[in-house]
């Protein structure tokens, strides 16, 4: 495997399947099986999972709730998703640890960078929950930060589309796919790859980002194996012409 250690950023919505909210067990189990396959192939893997399938802090904040309270509730939703993924992995005998940026010692460990690295080196999957533990930061920013802290050599963002497009392909059928681009280009063209904080963190710390479709069976394993799927974002200049 070309990558020693990767971090997978998984949105909460990716766990929905066809349900309007909550977690689809079939989707959860399929993703867990792919994570197990990546680990068995020799690549250490950590996860950051969003909470949008359960609760969106920004949504309630927009409706008048105190933003800090709303974001704290959103962080707790990510813990719920992390525990669900841990259960799915451990049912297929993959050792897993959930580490939270909020202190919830009765259900998971506190996030400590050295301990997280030790878990990964011991062959365990590490799931980082509760964002960075502070409001006003997205789980995209948390994924970028954790990838840097643990020394991941690739950050994979799992989405519902095949990569990064010039516009939302759902609402813009003529949108074109960018197979490769730079972080500066993503910022300049406001391509909505991740929020700006997450993009700048990756750019300034030379962490490549692969964006791919998690609903495509086997895509995670292929991306971890170095296959050129989805879109690759790097700091150095890259071929950035859109593909028709």
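Brief remarks follow.
- Taking residues in segment 2-31 that are free of Cβ contacts under 8 Å to residues at least 40 places away in the same chain and at positive phi, and partners anywhere that are part of a loop (DSSP other than H, G, I, E, B) and surrounded by 15 or more Cβ atoms within 10 Å (Cβ to Cβ), the pairs with Cβ atoms closer than 8 Å and at least 6 places apart or on different chains are 17/24; 22/16; 22/53; 22/54.
- Residues of segment 164-192 that are under 19 Å from the mean Cα position of the chain (by Cα) and on the phi > 0 side of the Ramachandran plot: 192 alone.
- Screening segment 122-230 for helices (runs of 4 or more DSSP H) wholly inside it with 2 or more residues that are free of Cβ contacts under 8 Å to residues at least 40 places away in the same chain and surrounded by 22 or more Cβ atoms within 10 Å (Cβ to Cβ) returns no ranges.
- Number of positions in segment 38-55 that are at pLDDT below 95 and more than 11 Å from residue 131 (Cα to Cα): 4
- Hits in segment 85-113 - residues which are surrounded by fewer than 19 Cβ atoms within 10 Å (Cβ to Cβ), in contact (Cβ under 8 Å) with a residue 24 or more places away in the chain and in a helix (DSSP H, G or I): 113
- Of the residues in segment 12-26, not one is at pLDDT 95 or above, within 20 Å of residue 213 (Cα to Cα) and either touching a strand residue (DSSP E or B) at 6+ places or on another chain (Cβ under 8 Å) or not in a helix (DSSP H, G or I) (or both).
- The number of residues in segment 41-50 being over 14 Å from the mean Cα position of the chain (by Cα) and either closer than 13 Å to residue 158 by Cβ or part of a helix (DSSP H, G or I) (or both) comes to 0.
- Flag for residue 38 being under 15 Å from residue 221 (Cα atoms), in a helix (DSSP H, G or I) and touching a strand residue (DSSP E or B) at 6+ places or on another chain (Cβ under 9 Å): yes
- Tally of residues being crowded, with 17+ Cβ neighbours inside 10 Å and in a helix (DSSP H, G or I) across segment 54-72: 6
The values are calculated or read from the model by the stated rules, or taken from the named source; none is laboratory data. Owing to the predicted nature of the structure, the values given are computational and were not obtained by experimental measurement. For neighbour counting, all protein chains shown are included, and Cβ atoms are generated from backbone atoms with ideal geometry for every residue, glycine included.
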